[in-house]
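Colleague: If you scroll down you'll find the structure; I have some questions about it.
The values are calculated or read from the model by the stated rules, or taken from the named source; none is laboratory data. Bear in mind the structure is a predicted one, so any value in this text is a computation, not a measurement. For neighbour counting, all protein chains shown are included, and Cβ atoms are generated from backbone atoms with ideal geometry for every residue, glycine included.
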Amino acid sequence: MSHLYAIILAGGSGTRLWPRSRQDHPKQFLDLVSERTMLQETYDRIVPLVPEENVFVITSWRYVDDVHAQLPYVPKAQIIGEPEGRGTAPPVALAALLLRERDPDAITFILPADHVIPNGELFRRALAAAAQTADQNFLVTLGITPAFPETGYGYIHAGEALGDANGMNVFRVRRFLEKPNLETAEKFVASGEHFWNSGIFIWRGDKILQEFSRHMPDTLKQMETLVQRGLDAPSFQQDWKGLPNETIDYGIMEKAEHVAMLPLDAGWNDVGSWAALYDLMARDDAGNAVQGNHIGVDTTASLIYSHKRLVATIGLENVIVVDTEDALLICAKDRAQDVKKIVDELKARNAKKYL
(Lines give C-alpha, C1' and ligand atoms only; values in the text may rest on other atoms or scores of the structure.)
Protein backbone atom coordinates (compact mmCIF):
# COMPACT_ATOMS: atom_id res chain seq x y z
CA MET A 1 0.00 0.00 0.00
CA SER A 2 1.01 3.63 -0.47
CA HIS A 3 2.93 5.58 2.16
CA LEU A 4 0.87 7.15 4.95
CA TYR A 5 0.93 10.83 5.88
CA ALA A 6 -0.91 12.86 8.52
CA ILE A 7 -2.04 16.46 8.14
CA ILE A 8 -3.01 17.91 11.51
CA LEU A 9 -5.25 20.98 11.28
CA ALA A 10 -4.48 23.15 14.30
CA GLY A 11 -5.75 26.62 13.49
CA GLY A 12 -9.03 26.79 15.45
CA SER A 13 -9.83 29.41 18.09
CA GLY A 14 -11.91 27.34 20.54
CA THR A 15 -14.16 30.23 21.54
CA ARG A 16 -16.66 28.04 23.42
CA LEU A 17 -13.93 27.17 25.94
CA TRP A 18 -13.34 30.80 26.91
CA PRO A 19 -11.90 32.04 29.26
CA ARG A 20 -9.22 29.32 29.26
CA SER A 21 -9.08 29.18 25.47
CA ARG A 22 -7.88 32.53 24.10
CA GLN A 23 -6.80 33.84 20.70
CA ASP A 24 -3.14 33.65 21.72
CA HIS A 25 -3.48 30.17 23.23
CA PRO A 26 -6.56 28.28 21.98
CA LYS A 27 -7.83 24.93 23.16
CA GLN A 28 -5.62 22.69 20.99
CA PHE A 29 -2.60 23.94 22.94
CA LEU A 30 -4.18 23.36 26.38
CA ASP A 31 -3.90 20.37 28.68
CA LEU A 32 -7.66 20.14 29.22
CA VAL A 33 -8.08 16.39 29.69
CA SER A 34 -4.59 15.07 30.51
CA GLU A 35 -1.01 16.18 31.09
CA ARG A 36 -0.54 16.31 27.31
CA THR A 37 -2.18 19.03 25.24
CA MET A 38 -4.86 18.18 22.69
CA LEU A 39 -2.38 18.80 19.86
CA GLN A 40 0.16 16.49 21.47
CA GLU A 41 -2.47 13.81 22.02
CA THR A 42 -3.47 14.03 18.35
CA TYR A 43 0.17 13.43 17.43
CA ASP A 44 0.57 10.64 19.98
CA ARG A 45 -2.46 8.80 18.54
CA ILE A 46 -1.13 8.63 15.01
CA VAL A 47 2.64 8.16 15.29
CA PRO A 48 2.37 4.39 15.81
CA LEU A 49 0.83 4.36 12.31
CA VAL A 50 2.51 7.31 10.56
CA PRO A 51 6.29 8.00 10.67
CA GLU A 52 7.03 11.30 12.41
CA GLU A 53 8.77 12.60 9.27
CA ASN A 54 5.43 12.19 7.45
CA VAL A 55 3.50 14.47 9.81
CA PHE A 56 2.52 17.99 8.73
CA VAL A 57 0.73 20.62 10.83
CA ILE A 58 -1.25 23.46 9.27
CA THR A 59 -2.07 26.20 11.75
CA SER A 60 -2.33 29.97 12.03
CA TRP A 61 0.90 31.90 11.47
CA ARG A 62 0.67 33.10 15.08
CA TYR A 63 0.80 29.52 16.41
CA VAL A 64 3.75 28.16 14.42
CA ASP A 65 6.15 28.60 17.34
CA ASP A 66 3.64 27.04 19.75
CA VAL A 67 3.32 24.00 17.51
CA HIS A 68 7.09 23.69 17.21
CA ALA A 69 7.48 23.95 21.00
CA GLN A 70 4.88 21.25 21.61
CA LEU A 71 5.89 18.98 18.70
CA PRO A 72 9.67 19.49 18.31
CA TYR A 73 9.94 16.14 16.48
CA VAL A 74 7.91 17.46 13.51
CA PRO A 75 10.27 19.09 10.96
CA LYS A 76 9.77 22.84 11.25
CA ALA A 77 9.42 23.14 7.47
CA GLN A 78 6.33 20.94 7.83
CA ILE A 79 4.63 23.34 10.25
CA ILE A 80 2.80 25.72 7.93
CA GLY A 81 1.23 28.96 9.12
CA GLU A 82 -1.88 30.31 7.38
CA PRO A 83 -2.00 34.12 7.18
CA GLU A 84 -5.66 33.86 8.14
CA GLY A 85 -8.32 31.16 8.44
CA ARG A 86 -9.99 30.31 5.12
CA GLY A 87 -11.90 27.19 6.18
CA THR A 88 -10.63 23.64 5.77
CA ALA A 89 -10.68 23.37 1.96
CA PRO A 90 -7.62 25.59 1.20
CA PRO A 91 -5.26 23.85 3.68
CA VAL A 92 -6.39 20.45 2.38
CA ALA A 93 -5.60 21.52 -1.19
CA LEU A 94 -2.24 22.92 -0.06
CA ALA A 95 -1.31 19.67 1.67
CA ALA A 96 -2.26 17.61 -1.38
CA LEU A 97 -0.13 19.77 -3.68
CA LEU A 98 2.88 19.68 -1.35
CA LEU A 99 2.65 15.90 -1.08
CA ARG A 100 2.22 15.51 -4.85
CA GLU A 101 5.76 16.77 -5.22
CA ARG A 102 7.07 14.57 -2.45
CA ASP A 103 5.10 11.32 -2.84
CA PRO A 104 2.56 11.06 -5.70
CA ASP A 105 1.00 7.92 -4.19
CA ALA A 106 0.54 9.33 -0.69
CA ILE A 107 -2.47 8.37 1.39
CA THR A 108 -3.30 11.22 3.72
CA PHE A 109 -5.11 11.41 7.04
CA ILE A 110 -6.72 14.81 7.70
CA LEU A 111 -6.98 15.18 11.48
CA PRO A 112 -8.34 18.08 13.54
CA ALA A 113 -6.05 18.85 16.49
CA ASP A 114 -8.82 19.33 19.06
CA HIS A 115 -10.44 15.90 19.37
CA VAL A 116 -10.35 13.52 22.31
CA ILE A 117 -10.35 9.80 21.38
CA PRO A 118 -9.70 7.58 24.42
CA ASN A 119 -9.43 4.30 22.51
CA GLY A 120 -6.35 5.04 20.42
CA GLU A 121 -5.86 1.43 19.38
CA LEU A 122 -9.34 1.18 17.86
CA PHE A 123 -8.87 4.58 16.23
CA ARG A 124 -5.64 3.47 14.53
CA ARG A 125 -7.33 0.28 13.39
CA ALA A 126 -10.07 2.39 11.80
CA LEU A 127 -7.48 4.63 10.13
CA ALA A 128 -5.68 1.58 8.71
CA ALA A 129 -9.00 0.28 7.39
CA ALA A 130 -9.79 3.69 5.93
CA ALA A 131 -6.39 3.75 4.20
CA GLN A 132 -7.16 0.39 2.56
CA THR A 133 -10.49 1.80 1.37
CA ALA A 134 -8.88 5.02 0.15
CA ASP A 135 -6.43 2.95 -1.88
CA GLN A 136 -9.49 1.81 -3.88
CA ASN A 137 -10.07 5.44 -4.93
CA PHE A 138 -12.69 6.34 -2.31
CA LEU A 139 -12.77 9.54 -0.31
CA VAL A 140 -13.19 8.17 3.20
CA THR A 141 -14.47 9.62 6.45
CA LEU A 142 -15.00 8.24 9.93
CA GLY A 143 -18.58 8.41 11.20
CA ILE A 144 -18.96 8.48 14.97
CA THR A 145 -21.60 6.17 16.42
CA PRO A 146 -23.93 8.69 18.12
CA ALA A 147 -24.26 8.36 21.88
CA PHE A 148 -27.27 10.68 22.05
CA PRO A 149 -29.26 13.02 19.75
CA GLU A 150 -26.71 15.83 19.55
CA THR A 151 -27.92 18.96 17.72
CA GLY A 152 -24.48 20.59 17.58
CA TYR A 153 -22.96 18.14 15.08
CA GLY A 154 -23.47 17.47 11.40
CA TYR A 155 -24.48 13.90 10.51
CA ILE A 156 -23.58 11.34 7.85
CA HIS A 157 -26.28 9.10 6.39
CA ALA A 158 -24.79 5.69 5.67
CA GLY A 159 -25.91 3.81 2.56
CA GLU A 160 -25.11 0.39 1.15
CA ALA A 161 -22.45 -1.80 2.71
CA LEU A 162 -19.23 -1.92 0.72
CA GLY A 163 -17.74 -4.89 2.55
CA ASP A 164 -15.07 -4.68 5.19
CA ALA A 165 -11.49 -3.50 5.57
CA ASN A 166 -9.12 -4.52 8.34
CA GLY A 167 -12.09 -6.31 9.95
CA MET A 168 -14.26 -3.16 10.01
CA ASN A 169 -17.47 -2.44 8.10
CA VAL A 170 -17.40 0.08 5.28
CA PHE A 171 -20.45 1.88 3.91
CA ARG A 172 -21.13 4.17 0.99
CA VAL A 173 -22.15 7.67 2.09
CA ARG A 174 -25.63 8.66 0.96
CA ARG A 175 -25.42 12.26 2.07
CA PHE A 176 -23.94 14.69 4.56
CA LEU A 177 -26.55 16.44 6.71
CA GLU A 178 -26.41 19.79 8.48
CA LYS A 179 -26.88 20.20 12.22
CA PRO A 180 -30.46 19.05 12.96
CA ASN A 181 -33.07 20.20 15.45
CA LEU A 182 -33.73 17.90 18.42
CA GLU A 183 -36.66 16.05 16.85
CA THR A 184 -34.66 15.29 13.70
CA ALA A 185 -31.59 14.29 15.73
CA GLU A 186 -33.72 11.81 17.69
CA LYS A 187 -34.91 10.27 14.42
CA PHE A 188 -31.32 10.08 13.15
CA VAL A 189 -30.14 8.20 16.24
CA ALA A 190 -33.15 5.85 16.23
CA SER A 191 -32.56 4.93 12.57
CA GLY A 192 -29.14 3.39 13.18
CA GLU A 193 -28.09 4.73 9.77
CA HIS A 194 -26.85 8.14 10.86
CA PHE A 195 -23.47 8.98 12.37
CA TRP A 196 -21.85 12.12 13.71
CA ASN A 197 -19.57 13.82 11.20
CA SER A 198 -16.11 13.57 12.77
CA GLY A 199 -14.34 15.92 10.35
CA ILE A 200 -11.66 13.23 9.92
CA PHE A 201 -10.88 12.36 6.29
CA ILE A 202 -8.67 9.85 4.50
CA TRP A 203 -7.81 9.77 0.78
CA ARG A 204 -5.15 9.38 -1.88
CA GLY A 205 -3.52 12.67 -2.76
CA ASP A 206 -4.20 12.27 -6.49
CA LYS A 207 -7.88 11.47 -5.81
CA ILE A 208 -8.56 14.58 -3.73
CA LEU A 209 -6.81 16.76 -6.33
CA GLN A 210 -9.09 15.27 -9.02
CA GLU A 211 -12.09 16.25 -6.88
CA PHE A 212 -10.75 19.79 -6.43
CA SER A 213 -10.36 19.97 -10.21
CA ARG A 214 -14.02 19.00 -10.61
CA HIS A 215 -15.68 20.93 -7.80
CA MET A 216 -13.32 23.76 -6.77
CA PRO A 217 -11.18 24.37 -9.89
CA ASP A 218 -10.56 28.06 -9.18
CA THR A 219 -9.29 27.28 -5.68
CA LEU A 220 -7.01 24.59 -7.07
CA LYS A 221 -5.56 26.96 -9.68
CA GLN A 222 -5.00 29.67 -7.09
CA MET A 223 -3.31 27.18 -4.76
CA GLU A 224 -1.10 25.80 -7.56
CA THR A 225 0.10 29.33 -8.28
CA LEU A 226 0.74 29.92 -4.60
CA VAL A 227 2.79 26.70 -4.28
CA GLN A 228 4.76 27.48 -7.46
CA ARG A 229 5.72 30.90 -6.11
CA GLY A 230 6.73 29.32 -2.78
CA LEU A 231 5.33 29.63 0.72
CA ASP A 232 8.06 32.12 1.59
CA ALA A 233 7.29 34.40 -1.37
CA PRO A 234 6.45 38.05 -0.53
CA SER A 235 3.04 37.59 -2.19
CA PHE A 236 2.08 34.52 -0.09
CA GLN A 237 0.04 36.43 2.47
CA GLN A 238 -1.97 38.38 -0.09
CA ASP A 239 -2.43 35.32 -2.33
CA TRP A 240 -3.73 33.32 0.62
CA LYS A 241 -6.23 36.00 1.61
CA GLY A 242 -7.60 35.84 -1.94
CA LEU A 243 -8.67 32.21 -1.47
CA PRO A 244 -12.35 31.43 -0.83
CA ASN A 245 -13.44 30.66 2.72
CA GLU A 246 -14.81 27.13 2.32
CA THR A 247 -14.99 23.87 4.24
CA ILE A 248 -13.86 20.61 2.70
CA ASP A 249 -17.25 19.14 3.67
CA TYR A 250 -19.28 21.58 1.59
CA GLY A 251 -16.73 22.26 -1.13
CA ILE A 252 -15.87 18.63 -1.94
CA MET A 253 -17.36 15.87 0.21
CA GLU A 254 -21.04 16.76 -0.29
CA LYS A 255 -20.53 16.80 -4.08
CA ALA A 256 -18.14 13.88 -4.67
CA GLU A 257 -19.47 10.51 -5.86
CA HIS A 258 -17.18 7.85 -4.43
CA VAL A 259 -17.40 8.59 -0.72
CA ALA A 260 -17.17 5.90 1.96
CA MET A 261 -17.56 5.88 5.74
CA LEU A 262 -16.32 3.63 8.52
CA PRO A 263 -18.29 3.69 11.79
CA LEU A 264 -16.17 4.42 14.85
CA ASP A 265 -17.12 3.99 18.49
CA ALA A 266 -13.90 4.92 20.31
CA GLY A 267 -15.14 7.53 22.78
CA TRP A 268 -14.69 10.43 20.33
CA ASN A 269 -15.41 13.93 21.60
CA ASP A 270 -14.55 17.22 19.92
CA VAL A 271 -14.62 19.09 23.26
CA GLY A 272 -16.69 21.83 21.70
CA SER A 273 -17.88 23.27 25.02
CA TRP A 274 -17.36 23.17 28.77
CA ALA A 275 -20.30 20.75 29.01
CA ALA A 276 -18.51 18.38 26.63
CA LEU A 277 -15.37 18.64 28.75
CA TYR A 278 -17.41 17.85 31.87
CA ASP A 279 -18.50 14.59 30.22
CA LEU A 280 -14.84 13.58 29.83
CA MET A 281 -13.62 14.46 33.32
CA ALA A 282 -13.50 12.31 36.43
CA ARG A 283 -16.23 13.28 38.89
CA ASP A 284 -16.56 13.08 42.66
CA ASP A 285 -19.39 11.52 44.64
CA ALA A 286 -21.52 14.65 44.12
CA GLY A 287 -21.03 14.46 40.36
CA ASN A 288 -18.70 17.46 40.28
CA ALA A 289 -15.71 17.66 37.92
CA VAL A 290 -13.08 19.75 39.65
CA GLN A 291 -9.68 21.10 38.62
CA GLY A 292 -7.96 23.29 41.19
CA ASN A 293 -8.90 24.38 44.70
CA HIS A 294 -12.63 24.07 45.44
CA ILE A 295 -14.87 23.83 48.48
CA GLY A 296 -18.48 22.96 47.71
CA VAL A 297 -21.55 22.96 49.95
CA ASP A 298 -24.62 21.32 48.41
CA THR A 299 -22.97 21.64 45.01
CA THR A 300 -23.73 18.88 42.51
CA ALA A 301 -23.23 17.93 38.85
CA SER A 302 -21.08 20.99 38.20
CA LEU A 303 -17.72 21.74 36.59
CA ILE A 304 -15.37 23.87 38.67
CA TYR A 305 -12.02 25.10 37.34
CA SER A 306 -9.75 27.25 39.47
CA HIS A 307 -6.47 28.67 38.20
CA LYS A 308 -5.01 29.89 41.50
CA ARG A 309 -7.71 31.08 43.85
CA LEU A 310 -9.96 29.01 46.08
CA VAL A 311 -13.43 28.74 44.54
CA ALA A 312 -16.21 28.19 47.09
CA THR A 313 -19.73 27.31 45.96
CA ILE A 314 -23.03 26.81 47.77
CA GLY A 315 -26.23 25.29 46.38
CA LEU A 316 -25.11 25.00 42.78
CA GLU A 317 -26.42 22.32 40.43
CA ASN A 318 -25.48 21.82 36.76
CA VAL A 319 -23.35 24.94 36.71
CA ILE A 320 -19.98 25.70 35.12
CA VAL A 321 -17.52 27.91 37.01
CA VAL A 322 -14.20 28.72 35.32
CA ASP A 323 -11.89 31.06 37.21
CA THR A 324 -8.76 32.22 35.37
CA GLU A 325 -6.21 34.90 36.17
CA ASP A 326 -8.22 37.74 34.61
CA ALA A 327 -11.73 36.43 33.97
CA LEU A 328 -14.48 34.45 35.70
CA LEU A 329 -17.17 32.51 33.83
CA ILE A 330 -20.36 31.35 35.58
CA CYS A 331 -22.74 29.51 33.28
CA ALA A 332 -25.65 27.06 33.41
CA LYS A 333 -24.32 23.79 32.00
CA ASP A 334 -27.11 23.56 29.43
CA ARG A 335 -26.11 27.01 28.11
CA ALA A 336 -22.47 26.03 27.51
CA GLN A 337 -22.76 26.51 23.75
CA ASP A 338 -23.60 30.18 24.38
CA VAL A 339 -20.12 30.97 25.75
CA LYS A 340 -19.31 32.00 22.17
CA LYS A 341 -21.79 34.86 22.65
CA ILE A 342 -19.58 36.23 25.43
CA VAL A 343 -16.62 36.18 23.05
CA ASP A 344 -18.72 37.94 20.40
CA GLU A 345 -19.67 40.63 22.93
CA LEU A 346 -16.04 41.09 23.94
CA LYS A 347 -15.16 41.58 20.28
CA ALA A 348 -17.98 44.10 19.90
CA ARG A 349 -16.59 46.03 22.89
CA ASN A 350 -13.06 45.77 21.47
CA ALA A 351 -11.98 44.20 24.78
CA LYS A 352 -8.89 42.63 23.25
CA LYS A 353 -7.16 41.90 26.57
CA TYR A 354 -9.85 39.31 27.35
CA LEU A 355 -9.86 37.64 23.93
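Colleague: Scan the range 294-306 for residues that are within 24 Å of GLN28 (Cα to Cα) and part of a loop (DSSP other than H, G, I, E, B) and jot them down.
Modeller: Passing the criteria: only SER302.
Colleague: What number of residues within the range 308-355 are in a strand (DSSP E or B) and under 15 Å from ALA275 (Cβ atoms)?
Modeller: Residues that pass the stated criteria total 9.
Colleague: Right, next: What number of residues within the range 292-308 satisfy the criterion of being at pLDDT 95 or above and loosely packed, with under 14 Cβ neighbours inside 10 Å?
Modeller: So the count comes out to 3.
Colleague: Starting from residues that are small (Gly, Ala, Ser) and either at pLDDT below 90 or in a loop (DSSP other than H, G, I, E, B) (or both), keep the ones in the range 2-37 and report whichever is farthest from ASN350 (Cα to Cα).
Modeller: Step by step, filter the range 2-37, then rank; the result is SER2.
Colleague: Residues to consider are GLY287, GLY272, GLY267, GLY251; find the one that is in contact with a strand residue (DSSP E or B) (Cβ under 7 Å, 6 or more places away or on another chain) and either modelled with pLDDT under 95 or outside the structural domain of LYS207 (by TED's automatic domain parsing) (or both).
Modeller: GLY287
Colleague: Working only within the range 103-131, note down all residues that are among the polar types (S, T, N, Q) and crowded, with 19+ Cβ neighbours inside 10 Å.
Modeller: Of everything in the range 103-131, just one residue is among the polar types (S, T, N, Q) and crowded, with 19+ Cβ neighbours inside 10 Å, namely THR108.
Colleague: Out of the residues in the range 38-50 that are assigned to a loop (DSSP other than H, G, I, E, B) and touching a residue at least 24 places away in the same chain (Cβ under 8 Å), which is nearest to GLY11 (Cα to Cα)?
Modeller: By that ranking, first place goes to VAL50.
Colleague: Related question: Checking the condition within 21 Å of TYR5 (Cβ to Cβ) and either aliphatic (A, V, I, L, M) or free of Cβ contacts under 8 Å to residues at least 24 places away in the same chain (or both), which residue from VAL189, VAL259 passes?
Modeller: After applying the criteria, what remains is VAL259.
Colleague: Filtering the range 60-102 down to residues that are part of a loop (DSSP other than H, G, I, E, B) and in contact (Cβ under 8 Å) with a residue 40 or more places away in the chain, which residue is surrounded by the most Cβ atoms within 10 Å (Cβ to Cβ)?
Modeller: THR88
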